[in-house]
């Protein structure tokens, strides 16, 4: 069974409408050929931390990954269909290597035929299920409470009956989600539309593996080869380790948008629904919002005079993005309040620069005795054009908070932060220390590079609580563990973070790159010499988040790198610098090195005890813990206030304890007195 929320997440098609003039790299125009596969893989091997050449083991891994890339939810393929390709003898594995070097990739074509048969089998089953529409809706209404929280994880179905049941559950999950979104008085007339929407989304994905377009016309041989080569490269890259990846031009473009927080477009977010392609949100400052002509819930019915009825979601996106013109004409259907019939509206928009201010930084504060405590949420580590960066946003947030009152402490929320640019992690860490080594990076050739904060100034040196979760990864882990190492912050969250301690070189942000990929080139360590790889950052105080009971993290991925460590570098011997550089560092940098603080370490036992008591006595928190436990039938409606942020509230309590306890801990040095101090 598939986790209900995971099904809904994978089926949700909430996408940004992006660029008006995508380059050839973002379109199919750049054709890939079979003979290019070894050439591209050599680029990976030039960089990779462990693998320097193609091996039978890497090729064997790629076969399993090739299937997983298609059937992520394990609802198309049977275990025996997988094993006929992946259960290879040593001799057959070695033959894979021979075929690879000879440019023979026919085994992947054979696997594609197996996928094709699985797709047609699935379509037959779905057609059969859809014959009894009423029973589908009866089953969907009870699905969430009975099967929705069970999952099969990475296991392939052993029988056709089991596989067919997984297909049915996927459909039921989608229908159940749509039932909640459609008003009761409209459901009967939309039942068929809901099922058709599910089928359309499934077929849109499947058609790419059948090598046909939305009209059912087959790809040209060149286009077919291109897509097959891209899939082979993806499976080979992912076989090196859990974070090395190959990207299509469009995927690379979408990643650049997220990393650089900006793009050329009209600034709307679209969703495919039973009513059509709906505008669900206008991005602040974008052309659509500035025009004042477009509203949320408008339904797009035409693009540049072309009616889009029956078009796939991707085709509608492509039309809106355009291929050269700076303008787009949209035909919209709008349901005005108080009106029975929708109105039709024609709007012309000029595409322009859109900056993604959303999901960058959220800033809030609570009042405490004598001042305020700041609450800063950082969603990723980004940098883009016009000087936009996470470090600048955090620094401005601190400055703005200081203007509101005496800033007694800060909660830095990284719970949903899965990383970004390494140098931004170094710079954000540097806001809370004077100077020092933040990250040590060790590469395949043994070379070690030191990433330092050198400005000699901490923008905030008071109490800090860093909130983390099992989803906090990569750059977020660098910040959390660095501040923990220096003793400048207390870490509160799940038992540990995600556990990604590797460094990737990427070509995604280079628009002119011939190949778009990221490849693991090394491991990083914080100033203590510890790596976050596999183990993650251990919390000082356990404050469970919604991820607390979930099996997520580096240890759950295929082929993760092992954990290791380095010598600590608190004193910083400047081993990587030449003498001319050392003279400057010795004069201006070394004197301002951040000293390892001990205040928070000494009071941790008190902070933990207080936090545990608060959580145990908080009825809503106890209900929350029951909600996230395995097999629970409760949901957020069971809470007194479903919108409250229990973890943030507890982090503020911890921070308040730190503020109140700090004078006493600084006054008394011996452990006996320290243990007797408490705050209730």
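Of note:
- Any hit, region 366-388, residues being part of a helix (DSSP H, G or I), closer than 26 Å to residue 481 by Cα and out of contact with any strand residue (DSSP E or B) (no Cβ under 6 Å at 6 or more places or on another chain): no
- Region 194-306 holds helices (runs of 4 or more DSSP H) entirely within its bounds, and those carrying 1 or more residues that are within 22 Å of the chain's Cα centre (by Cα) and over 27 Å from residue 174 (Cβ atoms) map to 221-238, 249-260.
- Considered as a group, the residues in region 391-430 that are outside any helix (DSSP H, G or I) and in contact with a helix residue (DSSP H, G or I) (Cβ under 6 Å, 6 or more places away or on another chain) include one that is surrounded by the most Cβ atoms within 10 Å (Cβ to Cβ), and that residue is 414.
- When restricted to residues that are touching a strand residue (DSSP E or B) at 6+ places or on another chain (Cβ under 7 Å) and closer than 24 Å to residue 493 by Cα, region 566-603 contains 1.
- When residue 568 is tested against (1) exposed (fewer than 15 other Cβ atoms within 10 Å of the Cβ); (2) in the same structural domain as residue 449 (by TED's automatic domain parsing), just one condition goes unmet, and that condition is (1).
- Of the residues making up region 453-471, those that are crowded, with 24+ Cβ neighbours inside 10 Å, within 18 Å of residue 377 (Cα to Cα) and in contact with a helix residue (DSSP H, G or I) (Cβ under 6 Å, 6 or more places away or on another chain) number 5.
- Of all the numbered requirements in (1) buried (at least 23 other Cβ atoms within 10 Å of the Cβ); (2) under 24 Å from the mean Cα position of the chain (by Cα); (3) not in a loop (DSSP other than H, G, I, E, B), residue 505 misses one, and that requirement is (1).
- Elements of the type helices (runs of 4 or more DSSP H) sitting completely within region 72-183 and holding at least 1 residues that are under 31 Å from the mean Cα position of the chain (by Cα): these cover 79-86, 106-129, 133-146, 160-181.
- Residue list for region 431-441, filter: in contact with a strand residue (DSSP E or B) (Cβ under 7 Å, 6 or more places away or on another chain) and either surrounded by 19 or more Cβ atoms within 10 Å (Cβ to Cβ) or at pLDDT below 95 (or both): 432, 433, 435, 436, 437, 438, 439, 440
- Filtered by the rule that a residue be surrounded by 14 or more Cβ atoms within 10 Å (Cβ to Cβ) and within 18 Å of residue 648 (Cβ to Cβ), region 365-390 gives 365, 366, 368, 372, 373, 374, 375, 376, 377, 378, 379.
- Residue 584 at pLDDT below 95, surrounded by fewer than 17 Cβ atoms within 10 Å (Cβ to Cβ) and farther than 20 Å from residue 485 by Cα: no
- Residue within region 261-269 that is under 23 Å from residue 72 (Cβ atoms), in contact (Cβ under 8 Å) with a residue 24 or more places away in the chain and out of contact with any helix residue (DSSP H, G or I) (no Cβ under 6 Å at 6 or more places or on another chain) present: no
- Taking the criterion of being surrounded by fewer than 16 Cβ atoms within 10 Å (Cβ to Cβ) and either in contact with a strand residue (DSSP E or B) (Cβ under 7 Å, 6 or more places away or on another chain) or in the same structural domain as residue 515 (by TED's automatic domain parsing) (or both), the residues of region 199-229 that qualify are 212, 218.
- Candidates 325, 312: the one that is closer than 30 Å to residue 208 by Cα, surrounded by fewer than 18 Cβ atoms within 10 Å (Cβ to Cβ) and at pLDDT below 90 is 325.
- Residues that are at pLDDT 95 or above and closer than 27 Å to residue 267 by Cα within region 5-64 are absent altogether.
- Residue 535 fulfils the conditions (1) in contact with a strand residue (DSSP E or B) (Cβ under 6 Å, 6 or more places away or on another chain); (2) modelled with pLDDT of 95 or more except for a single criterion, (1).
The values are calculated or read from the model by the stated rules, or taken from the named source; none is laboratory data. The structure presented is a predicted model; accordingly, all values stated were derived computationally and were not measured. Ideal geometry is used to build each Cβ from the backbone, glycine not excepted, and the neighbour counts take in all protein chains shown.
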